[in-house]
1. Which whole-number percent is the relative contact order of segment B:5-244 (Cα, under 8 Å, 6+ apart)?
2. With the Cα gyration tensor of segment B:1-127 in hand, give its eigenvalues times 5 under a square root as the equivalent ellipsoid semi-axes, listed largest first in whole angstrom.
3. Note down the magnitude of the dipole of segment A:1-155 about its Cα centre, charges +1 on Lys and Arg C-beta and -1 on Asp and Glu C-beta and zero elsewhere, to the nearest 20 debye.
4. Taking beta carbons within 10 Å but only from partner chains, what does the mean come to for residues A:140-149?
5. Near A:K106, which aspartates and glutamates are there with a Cα under 14 Å away, not counting those fewer than 8 places off in the same chain?
6. At 222 nm, what helix-only mean residue ellipticity would chain A give, in deg cm²/dmol to the nearest 500, using -39500 (n - 2.57) for each DSSP H run of four or more?
7. About the Cα centre of segment B:162-253, what is the dipole size in debye to 20, counting +1 per Lys and Arg Cβ and -1 per Asp and Glu Cβ, all else neutral?
8. If you average the C-alpha positions of segment B:44-99 and of segment B:207-257 separately, how far apart do those two centres end up, in angstrom?
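The values are calculated or read from the model by the stated rules, or taken from the named source; none is laboratory data. The structure displayed is predicted, hence computed values, not measured ones. Cβ coordinates were reconstructed from backbone atoms using ideal geometry, including for glycine residues, and neighbour counts include every protein chain displayed. The area values use the complete protein model at the heavy-atom level, side chains included, leaving out ligands, DNA and RNA. Shrake-Rupley method; radii C 1.70, N 1.55, O 1.52, S 1.80 Å.
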Amino acid sequence: MIAIVDYGLGNVASVKKALDFLGISSELTKDRNEISSADGVILPGVGAFPYAMKRLESDGMVDFLRKTAKKKPFLGICLGMQLLFDRGYEIEETDGLGLISGEVRKIPDMGLKIPHMGWNSLVFSGSCSLLNGVSEGDYVYYVHSYRAELKYRENLAAYSEYGTCIAGVVQNGNVFGTQFHPEKSGDVGLRILKNFGEMCR
Amino acid sequence: MLGKRIIPCLDVKLGRVVKGINFEGLRDVGDPVEIAKFYDREGADEITFLDITATNDGRKTLLDVVERTAREIFVPLTVGGGIRHEDEIRDILLAGADKVSINSAAVTVPGLVGRAAERYGSQCIVVAIDSMRVDGEFHVMINAGTKDTGIDAVKWAQEMERQGAGEILLTSKDADGTKAGYDIEITRLIAESVGIPVIASGGCGKIEDFSEVFLKTGADAALAASVLHFRELTISEIKEHLAENNVPVRLGGKREW
């Protein structure tokens, strides 16, 4: 069973619907016992970095999630991916979970529309088991205005070009993140969620 | 590179697709869920449902359709039609839609777009603008294109962006139904005037209309209805044509599920 951390932000149900479709069992939960006994954890999220961290703090989840992420496959999606980093600069400087080294900053203005919204193609920059069966050039669906700036290139598995480099898939050991929404990225996204599901067995 | 989007639009009334759709291989040609699945398999980048019911019963049926669709379609789903209050938006999003589109009420209910964007985020608020040429100007039309507000369409698009719209769905009432191509002039004007994505709508009849709108305007997406519903063109044909004309698109090909 995969625990989808429900911290009251965004359309977390859509991740569950995609897992249901794939026949992967999951629960939307903020119950620590349930998360502790899960085979893997997904941290979803749509919204702003500081509100999400405050929400996790008020639920007493921050240290708990840091510890949990050391023990089992852990996937952050969109804002959930951004929260994996050391800190974010959306609205105000806020500490993140610190599971991958780097910071989250506004996408630099390259004369393109912000948010970066729509289908963009992936460029691979490393190997990552989340991308098994995914081909370079496959399109995935993004909606975001901030991007992760990684400290170590080895944590970057794939990116997309949008006047600048947008970290698409990141990894540090068993901690994974996708800036795009796999649950809205058609067949490619379903493949990525299936790969994560297979790691959680 | 960001791909240009092709978005099929389904008119839904009391949970059924209204315009006659003639598909082979569908169990129920009037079921929006079946048709959405069909377009998803063909490579639609997004699906739009336009609810033309305008009764409470109809809205409940629509929510049921949205919920069933969201269980089987894993590309963004936009739902519009008759939205007047931000609580209705919540119901539609909770049912599984990713975005809502607001049309007449953006004009008639002051502050609605701003409140909706504040509450749910700009990324899920699409403002639909129906534009029509009146005495050499482009005016915003409401009530399904029957009432001229006298508002300048370009200025209105900018105002909607300022209030928090995340996208503009621009339908040219001059081009709509003509099959003579998208309205290049107003689409270009609006796409150049706002910093948010613009979806072109109305007028497409042949495959070149799609490359024209992307090559001649800054539109990010093109909406299509009858040309797809009557199988005059398929989404994959359109996308192959766009790719041949160097318009970046997400081509299908993976059919695992």
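1. After rounding, I find 17 percent.
2. 24, 17, 12
3. So the dipole magnitude of segment A:1-155 works out to roughly 100 debye.
4. 2
5. Partners within reach: A:E90, A:E92, A:E93, A:E149.
6. -7000 deg cm²/dmol
7. 180 debye
8. Using only Cα atoms, the two centres lie 24 Å from each other.
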